[in-house]
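The values are calculated or read from the model by the stated rules, or taken from the named source; none is laboratory data. Being a predicted model, the structure only gives us computed values, none of them experimental. Cβ sites come from the backbone with ideal geometry, for glycine too, and all protein chains shown count toward neighbours.
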Amino acid sequence: MTRVAVESGRVVECVGRMARFAARPVVEGALDRCLEDVDALRRQERITPEQREALRLILLGIGLLAA
């Protein structure tokens, strides 16, 4: 299992909020913004490729639950 330690408060806040309210409709664009933030963190080398993938899987799974 990949341990994800992300310093970016915006990504952590967004993922946490989406996980808590997965059964509710996702605010338009929130998922896309989170995915963009995760990609930006990877480009800045603030997270590893494995952490990026773990966050993307969490976010995409949340998106499927909300659909």
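Details
- Of the residues making up segment 30-46, one or more are more than 9 Å from the chain's Cα centre (by Cα), modelled with pLDDT of 70 or more, surrounded by 15 or more Cβ atoms within 10 Å (Cβ to Cβ) and not small (Gly, Ala, Ser).
- Output for segment 47-67, where each listed residue is touching a helix residue (DSSP H, G or I) at 6+ places or on another chain (Cβ under 7 Å) and modelled with pLDDT under 80: Ile62, Gly63
- Inter-residue pairs, beta-carbon under 6 Å, first of a type outside the set (S, T, N, Q) and in segment 35-61, second loosely packed, with under 14 Cβ neighbours inside 10 Å and not in a helix (DSSP H, G or I), 6+ apart: Glu50/Thr2; Ala54/Thr2
- Any hit, segment 18-26, residues being modelled with pLDDT of 60 or more and surrounded by 18 or more Cβ atoms within 10 Å (Cβ to Cβ): yes
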